[in-house]
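Before any comments, here is the structure.
The values are calculated or read from the model by the stated rules, or taken from the named source; none is laboratory data. As the structure is a computational prediction, the values presented were derived from the model and not from experiment. Positions of Cβ are generated from backbone atoms using ideal geometry, with glycine treated the same way; all protein chains shown enter the neighbour counts. All accessible areas refer to the heavy atoms of the entire protein, side chains included, with ligands and DNA or RNA removed. Shrake-Rupley method; radii C 1.70, N 1.55, O 1.52, S 1.80 Å.
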Amino acid sequence: KKMIIRKLRSLNKEVQMKGRRKIFYSKIFSKNDLVFDIGANLGNRTTIFLDIGAKVIAVEPNPQLFIRLKKKYKKAIVIDKAVGQFKNKVKLYINEASVLSTTSKEWIETVQTSGRFGDLGNKFNNEVEVEQITIIDLIDQYGVPKFVKLDTEGTELEIIESLNSSEIGCISFEFAIPESKNDAINSIRKLENIGYKHFNISFGESMEFLVQKNIDYNSINKLIESLPEMSWGDIYAFNS
């Protein structure tokens, strides 16, 4: 009986989280909008994007996860590539916890130093060579998305550096303090330089924006500078 109760509670929490995610992302894009889920992993965001009715391009370089995503999502286009600043071949370092897999050795060294992930920081037990494309390649093939979600464990800045306009309606990218503080600041600077003037933050899995009204470049920059260590979440940049 206790086991059944635990399972029901867990299921209830999962349903509640899906509901919160759907409400949150529905503020950013609508049915039939094109969205890119870059770093799709197990697809928890792909599921929500499809539920909203978006046209989804899900990109995941981990070969095993790609197979799972391909089987699971018949209504999404699933791509088995990494996304970076340049088009080439790269090594994907696969962690025991798949969500930590990355193409950035520098990021691995950083999280090992900070100890954010404990023992998992040392459990990159496999590596494979994968093809890397750019976000511009995706746009050229599929069109300009209304929203792009970047969650690539340390290569978000590289992807953002490849952009040269603010044609994408909204871009979100993961940050962690202290590991990616400088990258976050540089990403914001790059986005502001190419036309993104409004920003916001969602901490952790809160599925809530920090402020009701988006803030400007100077305000988001000061906010990032003031965040305490071990803060993490996603920064959102809007072109309007």
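Which residue, LEU138, LEU191, LEU69, has the most motion in a Gaussian network model of the chain that connects Cα atoms within less than 10 Å?
Result for the chain, Cα springs under 10 Å: LEU138 fluctuates most.
Roll a 1.4 Å probe over the protein chains and send me the accessible area per residue for the chain in Å². Walk me through the numbers on the way to the answer.
Values: 12560 Å² over 240 residues.
On a per-residue basis, 52 Å².
Over the chain, what is the relative contact order in percent, taking alpha-carbon pairs closer than 8 angstrom and at least six residues apart?
Numbers: 442 pairs, mean separation 40.2, N = 240.
It rounds to 17 percent for the chain.
Go through 166-172, 61-67 and give me the packing order, highest mean Cβ count within 10 Å leading. Mind showing how you got there, number by number?
On the way: 166-172: 20.6, 61-67: 18.1.
In descending order of packing, they fall as 166-172, 61-67.
Quick one: what does P(r) look like for the range 116-240 with 5 Å bins over all Cα pairs, in whole %?
Bin by bin from 0 Å, the calculated values are 2, 10, 20, 23, 19, 12, 8, 5, 1.
Report the Cα centroid-to-centroid distance between the range 45-124 and the range 171-240 in angstrom, as an integer.
The range 45-124 and the range 171-240 have Cα centres separated by 21 Å.
Quantify, in whole percent, the carbon and sulfur part of the accessible surface of the chain (1.4 Å probe; protein heavy atoms only).
Heavy-atom surface of the chain belonging to carbon and sulfur, 1.4 Å probe: 49 percent.
Taking the chain as a Gaussian network, Cα atoms linked when under 10 Å apart, which of VAL78, VAL211, VAL148 shows the biggest mean-square fluctuation?
VAL211
To two decimal places, what compactness ratio does the chain give when its Cα radius of gyration is scaled by 2.2 N^0.38 Å?
Working: Rg = 17.6 Å, N = 240, 2.2 N^0.38 = 17.7 Å.
Relative to the rule-of-thumb radius for its length, the chain sits at 0.99.
Once you've got the GNM for the chain with C-alpha springs shorter than 10 Å, pick whichever of ILE38, ILE139, ILE108 has the biggest mean-square fluctuation.
In this elastic network of the chain, the residue with the biggest mean-square fluctuation among ILE38, ILE139, ILE108 is ILE139.
Kyte-Doolittle cut-off 1.6, length cut-off 30 Å along the helix's own axis using Cα: show which whole DSSP H helices in the chain pass.
Span-like helices in the chain: none at all.
Let me check I've understood the local charge: for GLU106, count other residues with C-beta under 12 angstrom from its C-beta, Lys and Arg +1, Asp and Glu -1. What total comes out? Can you show the working numbers first?
On the way: positive: LYS105; negative: GLU109, GLU153, GLU158, GLU179, ASP183.
Neighbour charge sum, excluding GLU106 itself: -4.
What's the local net charge at LYS75, with K and R +1, D and E -1, over the other residues with C-beta under 15 Å away? Present the calculation step by step, with values, prior to reporting the outcome.
Working: positive: LYS31, ARG45, LYS55, LYS70, LYS71, LYS72, LYS74; negative: ASP33, ASP37, ASP51.
Its environment carries a net charge of +4.
Going Cα to Cα from LYS146, which lysines come in below 22 Å? Please leave out same-chain ones fewer than 8 positions away.
LYS18, LYS22, LYS27, LYS31, LYS55, LYS74, LYS75, LYS81, LYS190, LYS197, LYS213
Just to be sure I understand: of the beta bridges DSSP finds with both ends in the chain, what percent are antiparallel, rounded to 5?
On the way: 23 of 41 bridges.
If I count the DSSP bridges inside the chain, around 55 percent turn out antiparallel.
Determine the gain in length on full extension of the stretch ALA97-PHE209; use 0.36 nm per residue of separation and subtract their C-alpha separation, reporting nm with one decimal.
Length gained, ALA97 through PHE209: 37.6 nm.
What does the extension gain come out to for ASN122 and LYS74, with contour length at 0.36 nm per residue minus their alpha carbon separation? Each step should come with its number before you reach the end.
Details: separation 48, 0.36 × 48 = 17.28 nm, distance 3.51 nm.
This chain segment gains 13.8 nm when fully extended.
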